[in-house]
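Structure first, commentary second.
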Amino acid sequence: MADAGEQEENAFQESEPQKKHKNKHKKRKVDVKMEIVPENPEKVAPLVGYFPSGFDPQKSKDEIGVRVFRNKTKQNRMQLVVSPNGSKVDFVGSNHSGEAAVAQVCTYALGVLDKETHTLKIVPIASNKIFRLEPRVPGVDHLDEDIQELKEDAAAAQEKANQINNLTLTYGTKGARNQVKKQATLKQKEEPSAQENLKNKLEDISINKEAIGSVEVSTARNIPPHDTTATIPEKAYPLEKIIYEGEFRYVLDFLERVESETKIEASVYPSFVCNRAHKLLEIQNELQKKKLACVLSYIAQLVKFKDKQSIDHADSAKNFSIPEILYKKFVNLFTDSSSQQNRFTDFRRHNLSVEKTNLLVSYVLVLTLFADGFRTDPSDIARDLRMGTLSIREHYKNLGCKIEWQDKVSFMTLPVPLQFPRPRPKKRQR
């Protein structure tokens with residue numbers, strides 16, 4: 001029993017120091033006044049960083065230098081550099097790359113407690129980011145990372161620009177869409193790869209001065225696509241560049257009307273077409289027959305399109321229907337309208353300028369040459385186009401045609417290679 005009593009007394013004696021030790025480290029409660037310091041744009045907020053490598057600046061015996069760098073163009077981007085004196089490495093961290101670039105869902109602040117005044121000041125930290133200070137050898141191992149960072153920034157900016165452009169092309173105004181398309185075209189031309197490919201292609205191309213001259217003449221004379229080196233009339237004005245391959249099926253209905261002995265009414269079709277419709281019944285070759293039918297029908301489409309744009313002659317074309325695909329092509333080619341960028345065809349009346357009207361007439365006259373085997377009487381097409389005999393001859397001459405007379409009747413022919421009349425010199429004003 002005595003032993004038990006002694007053990008109980010010793011245990012009581014040992015518990016006394018432990019109780020005192022606990023009371024010694026007991027935390028004291030302090031009533032403080034909290035003050036939140038708002039962010040001041042004229043002052044730099046505190047920067048907070050940590051060292052994942054284990055470096056402890058408080059245990060360092062050497063002096064430590066701290067530098068802060070700010071991006072000149074993007075003021076919100078900062079870099080914190082801690083340089084221990086005598087060390088060959090710096091500790092570098094940024095608020096826009098690495099760990100700081102990850103999406104952040106919390107807010108950081110720095111608390112400073114003044115024990116004398118019992119005041120706790122809450123201060124926001126710079127950019128709401130904590131800098132992860134990684135060891136780096138100055139000027140060596142971080143160069144590639146900086147380059148990669150610049151590439152990532154450029155890629156992100158380009159991706160954002162592409163998204164904005166896509167939204168503009170989908171929901172933007174007509175002017176905004178046109179501006180985006182223009183910028184895309186200019187950028188494509190400026191790309192080094194595109195310039196290099198273009199340079200290689202140009203080196204392999206031999207310059208054809210005659211072809212360049214023909215392009216300039218085509219622009220000045222308002223004539224269809226042509227080849228000044230052609231040795232046969234059919235190649236001088238390639239038909240496939242006037243009537244596209246996909247358009248043939250839209251004009252073959254004229255052949256069906258003729259073969260079904262449906263009357264070709266002069267009040268609906270131009271007189272030039274009516275006077276030559278009988279040829280379709282005389283031709284045995286199916287390909288030649290379809291070709292001529294397409295040419296005649298295309299002449300009718302062009303003439304009636306011209307009438308539809310005229311206030312005085314629109315009634316003559318009210319019963320003539322032009323396929324939508326052809327109407328849209330004619331609007332784009334023969335008017336100054338910008339409707340080629342619209343998704344829907346504009347069937348309103350358009351004002352044809354003198355230049356565009358001359359171009360349309362040139363297309364019609366070239367097709368009349370095809371229809372008559374490149375020797376045509378211009379009298380009926382002149383009536384269809386409501387032009388005088390002298391005026392229609394001048395248009396034919398502008399295409400490179402010559403006049404032939406037979407029994408006091410003039411015919412227009414097309415000699416090859418093409419030779420265009422020289423422009424008349426302007427008279428000097430006295």
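All of the numbers you see were taken from the coordinates with simple rules; none came from a lab. Computed from a predicted model, the values in this text were never measured in an experiment. Cβ placement follows ideal geometry from the backbone for every residue including glycine, while neighbour counts extend to all protein chains displayed.
Roughly how many nanometres apart are two label points built 7 Å out from the Cα toward the Cβ at Asn76 and Ser321?
Inter-label distance under the simple model: 6.1 nm.
Name the residue farthest towards the positive end of the dipole of region 236-395 from the options Phe334, Ala382, Tyr244, assuming +1 on Cβ of Lys and Arg, -1 on Cβ of Asp and Glu, about the Cα centre.
The residue sitting farthest along the positive end of the dipole is Phe334.
Among Leu47, Pro57, Val30, which residue has its Cα positioned farthest towards the positive end of the charge dipole of region 23-67, with +1 placed on the Cβ of Lys and Arg, -1 on the Cβ of Asp and Glu, and the dipole taken about the Cα centre?
The residue sitting most towards the positive pole is Val30.
Multiply the residue separation of Ser87 and Thr229 by 0.36 nm, subtract the distance between their alpha-carbon atoms, and state the gained length in nm to one decimal.
Numbers: separation 142, 0.36 × 142 = 51.12 nm, distance 7.98 nm.
Roughly 43.1 nm would be gained on extension.
Which length gain, in nm to one decimal place, applies between Leu167 and Glu63 when the Cα-Cα distance is subtracted from 0.36 nm times their residue separation? The partial results should precede the final answer.
Values: separation 104, 0.36 × 104 = 37.44 nm, distance 5.50 nm.
Going from the current span to full extension adds 31.9 nm.
If you put +1 on each Lys and Arg Cβ and -1 on each Asp and Glu Cβ, how big is the dipole of region 46-98 around its Cα centre, in Debye rounded to 20?
Around 300 debye, computed over region 46-98.
Need one number: nm distance between label points at Phe248 and Val112, each 7 Å from Cα along Cα→Cβ, rounded to one decimal.
Those two pseudo-labels are separated by 8.7 nm.
Which residues' amide hydrogens lie under 5 Å from the amide hydrogen of Gly49, considering only partners 5 or more residues apart or on another chain, with H built in the peptide plane?
Those qualifying (amide H under 5 Å, at least 5 residues apart or on another chain) are Phe131.
What is the spin-label model distance, in nm, from Glu39 to Ile283 if the labels are put 7 Å beyond Cα along the C-beta direction?
7.9 nm
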